[in-house]
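For reference, the structure discussed in these notes is given below.
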Amino acid sequence: MAAAAFRIEESRDIRTAQAIRFRVFTEEQGIAVADDLDGRDDAATHLLAWLGAEAIGTARILEAGRVGKIGRVAVLPEHRGQGFGRALVLRAVEVLAARPHIAEARLGAQVSAVPFYEALGFVPEGEVFMEAGLPHLEMVRPV
Ligand code: COA
């Protein structure tokens, strides 16, 4: 059987994005639902990654002036290690690059994911901070 086609789309289907986040951040990582659902989903651009008919990953984009904030990057565990997370982050950077007023992309990386983002051109900035009970580092790259 041929492998299911992979694609990433901008989506208004916030519930599907939240369902992936629930599996990854809450069920897998133990982050409280209230920390994930911060009330900013309505103002955000959401990316969904699809393998055929299955939504397997997501990322969220918010703006603050000239800064594009990428967050909530999650790929379902059974689909990791195949480049889907990389593709999601690079698509988020592309979306920001198409917005002329945006100069840089920022994200708060879980420390365990810093090497993943470094490989995509993000550079750590500042000191480790705690968010949702996990150590994070701010990371930045020009767009
Ligand atoms: N630490 C170091 N390297 C990592 C990594 C990690 N935590 N996760 C992925 N990588 C590497 C991969 O080995 C791969 O390297 P390669 O190109 O040399 O093979 C590269 O990064 C790209 O990996 P990719 O397959 O695109 O990533 P993925 O689809 O497995 O998704 C995450 C990566 C982080 C999105 C996924 O592991 C995830 O959802 N984790 C749980 C949620 C999370 O931590 N999100 C980040 C919050 S800041």
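Miscellaneous remarks
- Rounded to whole Hz, the Karplus (6.51, -1.76, 1.60) HN-Hα couplings of region 72-77, x for glycine and proline: 6, 7, 8, 10, 4, x
- Between region 82-139 and region 1-68, the alpha-carbon center distance in angstrom: 15 Å
- Computed P(r) (all Cα pairs; region 75-117; 5 Å bins; percent): 5, 18, 24, 25, 16, 9, 3, 0
- In this rough spin-label picture, where each label sits 7 Å from Cα along the Cβ direction, the A98-R15 distance is 2.6 nm.
- Separation of the A43 and E63 label points, Cα + 7 Å toward Cβ, nm: 1.2 nm
- Helix-only CD estimate at 222 nm, as mean residue ellipticity for the chain, using -39500 (n - 2.57) per DSSP H run (n ≥ 4): -5500 deg cm²/dmol
- Result for the chain in a Gaussian network model with C-alpha springs under 10 Å: among A19, A64, A49, the largest mean-square fluctuation is at A64.
- Estimated FRET transfer efficiency (S112, A5; beta-carbon r; R0 25 Å; 0.05): 0.25
- Eigenvalues of the alpha-carbon gyration tensor of the chain, scaled by 5 and square-rooted, set the equivalent ellipsoid semi-axes at 22, 18, 16 angstrom, largest first.
- Sequence-distant residues sharing a close amide H with E63 (under 5 Å, placed H): K69
Throughout, read-outs are computed from the coordinates displayed, never taken from laboratory work. The structure presented is a predicted model; accordingly, all values stated were derived computationally and were not measured. All Cβ positions, even for glycine, are placed from backbone atoms using ideal geometry, and neighbour counts span all protein chains on display.
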